[in-house]
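Undergrad: Mind having a look at this structure? Questions to follow.
The values are calculated or read from the model by the stated rules, or taken from the named source; none is laboratory data. Here the structure is a predicted model, which means the values were calculated and not measured. Glycine gets a Cβ as well: all are built from the backbone with ideal geometry, and neighbour counts include every protein chain shown. Heavy atoms of the whole protein, side chains included, go into the accessibility calculation; ligands, DNA and RNA do not. Shrake-Rupley method; radii C 1.70, N 1.55, O 1.52, S 1.80 Å.
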Amino acid sequence: MLEIKNVTKVYNTGAIQFQALKGVSLKVEKGEFVAIIGPSGSGKSTFMNILGCLDVPTAGEYYFEGIEVSNYTEDQLAGIRNKKIGFIFQQFNLLPKLNAFENVELPLIYRGMNVKERKERVLQVLEQVGLSDWAHHKPSEMSGGQQQRVAIARALAGDPPLILADEPTGNLDSKSGTEVLEILKELNKNGRTILLITHDMKVAGSAQRIISIQDGLIVE
Amino acid sequence: MNFKIAIKLALKGIMGNKMRTFLTMLGIIIGVSAVIILVSVVQGTTESVTENIESMGTNLLSVMIRGRGAETYLTYDATLSLADKYGVAGVAPVASGNVTAKFDTKTMDVTLEGVDENYQTVRNYTVQSGRFIMPLDVEYRQKVILLGTEVVKELFGSQNPIDKNVQLNGLNFKVIGILEEKGSTMGGNNDEKILMPITTAQRFLKSAGIRQIYVQAESPELVNTVYAQVEKYLLNKFKNDEDAYRIFNQTEMLSTINEVTRNMALMLGGIAAISLLVGGIGIMNIMLITVTERTREIGIRKAIGARRRDILIQFLIESAVISGLGGIIGIIVGLAGNKVLNLLAGMNTKTTISIIILSLAFSLVVGMFFGIYPANKASKLKPVDALRYE
Ligand SMILES: Nc1ncnc2c1ncn2[C@@H]1O[C@H](COP(=O)(O)OP(=O)(O)OP(=O)(O)O)[C@@H](O)[C@H]1O
Ligand SMILES: [Mg+2]
């Protein structure tokens, strides 16, 4: 599914250069459920941003489904994000002015899907996360768990092979957190590759494989 | 991303902050309504001035004789010889003076013009009742007169003056007709006068001289030809003294007036357009703030697959919608302003479709133009940086 070789990431903050990733290599097969854990500031989110094509590595190679993408243009990366990757963030990252339906619809609009297909697909994924009745509510009218489920629906709308979740349960109570994890497991069972970033060992336990990052390096 | 959704999203974004949107639009609203009102007032004024001048008759030359030495006027027969020149449609000599008119107990000081039958067509007069002066009236020096509407109002009130006798400086004249109302032109009030046969007037005013002649050309193209011939004739008559007469060319005057007012419209429109530009800068300012405020939104959109051009178009449409809406409101305000000026100040305003379309298009262009920089800035944000933004 994806393979990175010796990736480094350097942040330039003024005069100081900070090396957030110091040569990371990883291979993830299709259908795997991988958890990435590590202390705060260890570089998990930096890593995930690169895997999610939100950012490009300073050095190293990145193969997505066998294709080298580290020197893709910004719009080409946008295409991969749109079609191949579903993102779930700790802060949900829904657009507050749009209702659940419209939020979920957004990636399909950017893909250029027609109205009828879009509507069908959005209703289908909203049902999948159990929010059919909430389609016309704004995020501010929903609980954290519900908002995160809208975000999951949005990630699923484009039917991507890869789901990237950066601390998806970090802002949720334990019950909602468990629900979200259940959905992720379900998705994995249906053949999607899942990458889950977390602080929480218990959450990481849901995964088949756990990778630990410290100080910008993978330690076992 | 399709256009309808983009506009829907833009409207949503704009309506989220109504007060700010309104204030941003205000510059455009003021600019567009100012353009519309100023240009309409100038065009309306031009139109009424033109109409006014044309009501004196079309393709007209007006000749005033001052004379030279002992020769201070032309004779009636001399003026008639002008009618034979090439391109002349008609010649209307006028012998004029001031008289006191009296009917019953009412008196009034009026202008008296002695004219012949040609005056009616040359000066574009119509008779609302009765008849105009005829060749026979001129030939036999008939003591008949036509009254302007003001004179009728003043002397007769609501009575019918036809066939009544009016005393002019104590002599009786029979009213044969009433002139159509003309309003005032630059030559003074056209309704406060009395017309009589020119020969009668010459005797009555005790002066045989003609000091004023109207010459009408057959077409606008012939006005200059006729002008040249009339001038040649007069130069010959007054021994090459150019000060002995003065010829007003109505066509030339019209084109001068048109030019002046066109320049005025351009200038006023230009000043108003500057306020549109200022409005545009206001839009740019707000759009820049909006882009900063919505950095996170931009990051989210990019994360789920928006390309640079999707973001660019979104923000461009937003500024175009702001300026377009501002333009539409401005047009409505402008038209309302015209109405108010019309009703309260009696100003003649004329709004053409082209000025409406032009100002709307201009405001859209302003919005797009000043939206480019902020929209481009938004589209260039890196998804990670935008997502990290709090
Ligand atoms: N854009 C940036 N510019 C400069 N430094 C950055 C930037 N992004 C991250 N860093 C630094 O890189 C390091 C790794 O950050 P990262 O966000 O990947 O950590 P993390 O493992 O996700 O932490 P957390 O568990 O708190 O989310 C941190 O020390 C952070 O300060
Ligand atoms: Mg993180």
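Undergrad: Looking only at residues that are without any contact (Cβ under 8 Å) to a residue 24 or more places away in the chain and in a helix (DSSP H, G or I) in the stretch A:177-216, which one is farthest from ligand 1 (Cβ to nearest atom)?
TA: In this case the residue turns out to be A:K189.
Undergrad: Also, I was wondering about something else. Any idea which residue in the stretch A:189-210 is nearest to the chain's Cα centre (by Cα), counting only those that are of a type in the set (V, I, T), more than 19 Å from A:L156 (Cα to Cα) and within 15 Å of ligand 2 (Cβ to nearest atom)? Show your work before the answer.
TA: To start, the set of residues in the stretch A:189-210 that are of a type in the set (V, I, T) comprises A:193-194, A:197-198, A:203, A:210.
Checking which are more than 19 Å from A:L156 (Cα to Cα) leaves us with A:198, A:203, A:210.
This time we only want the ones that are within 15 Å of ligand 2 (Cβ to nearest atom), so: A:198, A:203.
Values: A:T198: 12, A:V203: 16 Å.
Of everything passing the filter in the stretch A:189-210, A:T198 is nearest to the chain's Cα centre (by Cα).
Undergrad: Moving to a separate point now. Please go through the stretch B:293-312 and give me each residue that is within 11 Å of chain A (Cβ to nearest Cβ), open to solvent by 20 Å² or more (accessible area, probe 1.4 Å) and in a helix (DSSP H, G or I), ordered by number.
TA: Pass one, the stretch B:293-312, residues within 11 Å of chain A (Cβ to nearest Cβ): B:294, B:296-311.
Retained after the next criterion (residues that are open to solvent by 20 Å² or more (accessible area, probe 1.4 Å)): B:294, B:296-297, B:307-309.
Once the filter is applied, which keeps residues that are within 11 Å of chain A (Cβ to nearest Cβ), open to solvent by 20 Å² or more (accessible area, probe 1.4 Å) and in a helix (DSSP H, G or I), the stretch B:293-312 yields B:R296, B:E297, B:R308, B:R309.
Undergrad: Still on this structure, I have one more. Out of the residues in the stretch A:48-69 that are assigned to a loop (DSSP other than H, G, I, E, B) and within 21 Å of B:A306 (Cβ to Cβ), which is farthest from ligand 2 (Cβ to nearest atom)? Give the steps one after another, and end with the answer.
TA: Step one: of the stretch A:48-69, the residues assigned to a loop (DSSP other than H, G, I, E, B) are A:52-58, A:65-66, A:69.
Next cut, within 21 Å of B:A306 (Cβ to Cβ) only: A:52-56, A:69.
Working: A:G52: 12, A:C53: 17, A:L54: 12, A:D55: 13, A:V56: 18, A:V69: 22 Å.
Ranking the candidates gives A:V69 first.
Undergrad: What number goes with the only condition from (1) at pLDDT 85 or above; (2) assigned to a helix (DSSP H, G or I); (3) not charged (D, E, K, R) that B:N52 does not pass?
TA: (1)
Undergrad: Of A:V7, A:V56, A:V69, A:V28, which residue is among the hydrophobic types (A, V, I, L, M, F, W, C), open to solvent by 10 Å² or more (accessible area, probe 1.4 Å) and more than 30 Å from A:S132 (Cα to Cα)?
TA: Details: A:V7 fails: open to solvent by 10 Å² or more (accessible area, probe 1.4 Å); A:V69 fails: open to solvent by 10 Å² or more (accessible area, probe 1.4 Å); A:V28 fails: open to solvent by 10 Å² or more (accessible area, probe 1.4 Å).
Only one candidate qualifies: A:V56.
Undergrad: Something else: In the stretch A:98-112, what count of residues is obtained for those that are surrounded by 18 or more Cβ atoms within 10 Å (Cβ to Cβ) and within 18 Å of A:D75 (Cα to Cα)?
TA: 5
Undergrad: Let me ask something additional. Please determine whether any residue of the stretch B:67-77 is open to solvent by less than 60 Å² (accessible area, probe 1.4 Å) and assigned to a helix (DSSP H, G or I). Give the steps one after another, and end with the answer.
TA: Of all residues in the stretch B:67-77, those open to solvent by less than 60 Å² (accessible area, probe 1.4 Å) come to B:67, B:72, B:74, B:76.
If we keep only those that are assigned to a helix (DSSP H, G or I) as well, we get B:76.
For the stretch B:67-77, residues open to solvent by less than 60 Å² (accessible area, probe 1.4 Å) and assigned to a helix (DSSP H, G or I): present.
Undergrad: Scan (1) within 20 Å of the chain's Cα centre (by Cα); (2) surrounded by fewer than 22 Cβ atoms within 10 Å (Cβ to Cβ); (3) more than 12 Å from chain B (Cβ to nearest Cβ) for the single condition A:E141 breaks and write down its number.
TA: (1)
Undergrad: Mind checking which residues of the stretch A:31-53 are in contact with a helix residue (DSSP H, G or I) (Cβ under 6 Å, 6 or more places away or on another chain) and either surrounded by fewer than 23 Cβ atoms within 10 Å (Cβ to Cβ) or under 18 Å from A:G170 (Cβ atoms) (or both)?
TA: At the first step, the residues of the stretch A:31-53 found to be in contact with a helix residue (DSSP H, G or I) (Cβ under 6 Å, 6 or more places away or on another chain) are A:33, A:35-38, A:49, A:53.
Within the stretch A:31-53, A:F33, A:A35, A:I36, A:I37, A:G38, A:N49 meet the criteria.
Undergrad: Being outside any helix (DSSP H, G or I) and within 12 Å of another protein chain (Cβ to nearest Cβ) narrows it down to one of A:K83, A:K97, so name that one.
TA: After applying the criteria, what remains is A:K97.
Undergrad: Same structure, new question: Cβ-Cβ under 8 Å, sequence separation 6+ or interchain: first residue in the stretch B:327-343 and within 16 Å of B:V365 (Cα to Cα), partner of a type in the set (K, R) and open to solvent by less than 20 Å² (accessible area, probe 1.4 Å). Which pairs?
TA: No pair meets every condition.
Undergrad: Among the listed residues B:K239, B:K206, B:K232, which satisfies the condition of being among the basic types (K, R) and part of a helix (DSSP H, G or I)?
TA: Numbers: B:K239 fails: part of a helix (DSSP H, G or I); B:K206 fails: part of a helix (DSSP H, G or I).
That would be B:K232, the only listed residue that is among the basic types (K, R) and part of a helix (DSSP H, G or I).
Undergrad: Quick test for you: out of B:V384, B:V366, pick the one residue that is within 19 Å of B:I317 (Cα to Cα) and either in a helix (DSSP H, G or I) or more than 16 Å from ligand 1 (Cβ to nearest atom) (or both). Lay out the reasoning, then the answer.
TA: Numbers: B:V384 fails: within 19 Å of B:I317 (Cα to Cα).
Checking each option against the conditions leaves just B:V366.
Undergrad: I've got another one for you. What residue, of B:I289, B:I332, B:I328, B:I372, is under 22 Å from A:A78 (Cα atoms), more than 14 Å from chain A (Cβ to nearest Cβ), open to solvent by 50 Å² or more (accessible area, probe 1.4 Å) and in a helix (DSSP H, G or I)?
TA: Working: B:I289 fails: under 22 Å from A:A78 (Cα atoms); B:I332 fails: under 22 Å from A:A78 (Cα atoms); B:I328 fails: under 22 Å from A:A78 (Cα atoms).
Selected residue: B:I372, the only one of B:I289, B:I332, B:I328, B:I372 that is under 22 Å from A:A78 (Cα atoms), more than 14 Å from chain A (Cβ to nearest Cβ), open to solvent by 50 Å² or more (accessible area, probe 1.4 Å) and in a helix (DSSP H, G or I).
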